[in-house]
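See below for the structure under consideration.
Rule-based calculations on the coordinates, nothing more; no lab input. These numbers come from a predicted model, not from an experiment. Glycine also receives a Cβ, built like all others from the backbone with ideal geometry; neighbour counts cover every protein chain displayed.
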Amino acid sequence: MSSLPGYKALPPGCPVQEPLSAHRNHTGSWRSERPIWNHDLCVQCGVCDMFCPEACIGQNDQGYYEANLDYCKGCGICMQECPTQCISMKQEEE
Amino acid sequence: MGTRKGMEVSIGIAEAAMMADVDVVSAYPITPQTHVVEHLSELVADGVLDAEFVPVESEHSAMSACCGSVAAGARTFTATSSQGLALMHEILFIASGMRLPMVMAVANRSLSAPISIWNDHGDVMANRDTGWIQVFVENGQEAFDHIIWSYRVAEDHGVLLPIMVNFDGFILSHVVEPIEVWSPEEVKQFLPPYDPPYRLDVDNPWTFGPVGIPDIYLETRAAHNEALIDSQKVMEKAWDELHEVVGRKYAALECYKTDDADIVFLTMGGISETCMTSVDQMRDQGKKVGVIRLRMWRPFPFAEVAKELGGRKVVLAVDRCLSTGGPGGPVASEIKAALYHLDKRPHVVEFIAGLGGRDVTIGNFMEMYDKGAAVAAGAALPPYELVGVRE
């Protein structure tokens, strides 16, 4: 929070000139549950990626899918749609 | 030097917008504002005013079009009234929150139901907290001057806020008055061209109206609030400059025969002139009474109100709006808020007068004075009174 500007530093009406600056809003702070992939069941089909409404799921070096937790809001759609049911949701406070 | 002409106040407001060299007018006609935009439409159609007149299907669209045109860097004017202002409500917050300096003349009219086209301040009071600068004028000259003045204030880079100029429907809008029309040189001297700090431009793109997530929304409100409060300094400076250019002196409050007054009326808008006439008559009877008229409503001039009202015995607060089920009148509530911290506070006797175009007469003001004098002599403070209501 300390890196965010104080109100005196805001330009009037808050216009934005920097392209893609919304990337800096780490809206994943809203999340209460995070998706966990079970690699024993995952077939790397990418259905979770296609259904993610935040488009925040991508493949890692081994080809497995994972969520970018800066933006993942824990909606659970990936868990619902996974054909092998390899995704489970874990409470953030655990 | 200006030229003195007899003209309908609505036509005067349209002529003032033309003299301010507006680039865009977008408005929807509604009684009693119609003559303002009708005349502007004629001026554009006749080629007298080089501007875009954007006809729209509603006031919601009118205000939306105005937001777009100001963001594109155009000097923009609109006008409305009553239900039209109510329909604009949503976009009024967007205009002020995006800090888009435009000027809107509001011909104040009561709200339905029942349907009423007549004058009171119910329409603007329902839009009190929209974050706009709001002033109330008393006559045609003041209306004319304040259209040009409003552009000078709104477009100041320290302000960048939209302004509502409130003038009473019919009581002012449809009355022919002598108005001194500024000379083009006077307008040029007083009002620089609009120079927005940023604008919608395909070659230099900006995003206007982005999302404000919880991490930033609070700060935007704080900045808007501070800008609105601080705009008072710019308003006062612009009034001083207006005085230098055309010789008429304006301020946040206008005091009439108040120097030795124990009892003062507190009024807004056109009825203030009737009130002054009644004060003249009561002064002839030896009563120490005066009128303080609130010209500036947002930002609210707390310090000036406390200074001018603080030492009085009784304030007769005359509202043109009823806060239904609430404390009475919205103006009286704020007057009380401005006086609350003082050690010695006047009694504030509250009257709601002239709702839905009911006449407010000299006799009404005389009766209000008598009630205030009774309170000054020790009578219990009555609850707010709806002046002239039949039981």
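Its convex hull of Cα atoms gives the protein assembly as shown a direction-averaged projected area, equal to a quarter of the hull surface, of 30.8 nm². Under 20 Å of direct C-alpha separation, and excluding same-chain neighbours fewer than eight residues apart, B:LYS257 reaches these aspartates and glutamates: B:GLU138, B:GLU142, B:GLU273, B:ASP280, B:ASP284, B:GLU304, B:GLU308, B:GLU367, B:ASP370.
The P(r) of the range B:129-192 has a tail past 17 Å containing 47 percent of all C-alpha pairs. Along each principal axis, taking the top coordinate minus the bottom one, the Cα set of the range A:26-91 gives 29, 21, 17 Å in descending order. Between the listed residues B:SER183, A:PHE51, A:LEU20, the Cα displaced farthest toward the positive end of the dipole of the protein assembly as shown, a dipole computed from Cβ unit charges relative to the Cα centre, is found at B:SER183. Every pair of different Cα atoms in the range B:290-391 enters the Kirkwood calculation, which places the hydrodynamic radius at 14.2 Å. Overall, the protein assembly as shown carries a charge dipole of about 1460 debye about its Cα centre when +1 sits on the Cβ of Lys and Arg and -1 on the Cβ of Asp and Glu, all other atoms neutral. The value given for the range B:3-246 is a Kirkwood hydrodynamic radius of 18.0 Å, derived from the mean inverse Cα-Cα separation. Cross-link pairs exceeding 31 Å in C-alpha to C-alpha distance, out of B:LYS188/B:LYS336; B:LYS233/B:LYS336; A:LYS8/B:LYS188; B:LYS287/B:LYS307; B:LYS188/B:LYS307, comprise B:LYS188/B:LYS336; A:LYS8/B:LYS188; B:LYS188/B:LYS307. Reported to the nearest whole Å, the Cα centre-to-centre distance from the range B:271-286 to the range B:351-391 is 15.
Filter the trypsin sites (Lys or Arg not before Pro) in the range B:185-236 down to the DSSP loop ones having no more than 16 other Cβ atoms within 10 Å, then list what survives. It would help to have the intermediate numbers written out before the result.
Working: sites: B:LYS188, B:ARG199, B:ARG221, B:LYS233; in loops: B:ARG199.
Of the trypsin sites (Lys or Arg not before Pro), the ones in loops of the range B:185-236 whose Cβ has at most 16 other Cβ atoms within 10 Å are B:ARG199.
Close amide H pairs (under 5 Å, H built 1.01 Å from N) link B:GLU177 with B:MET7, B:GLU8, B:VAL9, residues at least 5 positions away or on another chain.
If only the Cβ of Lys and Arg carry +1 and only the Cβ of Asp and Glu carry -1, the dipole of chain B around its Cα centre is close to 1260 debye. Note on B:LYS371: aspartates and glutamates with a C-alpha under 12 Å away, same-chain residues under 8 apart excluded, are B:GLU350, B:GLU385. Under 5 Å from the amide H of B:GLY328 lie the amide H atoms of B:SER323, each residue being 5 or more positions distant or on a separate chain, with H modelled from the backbone and absent for Pro and chain starts.
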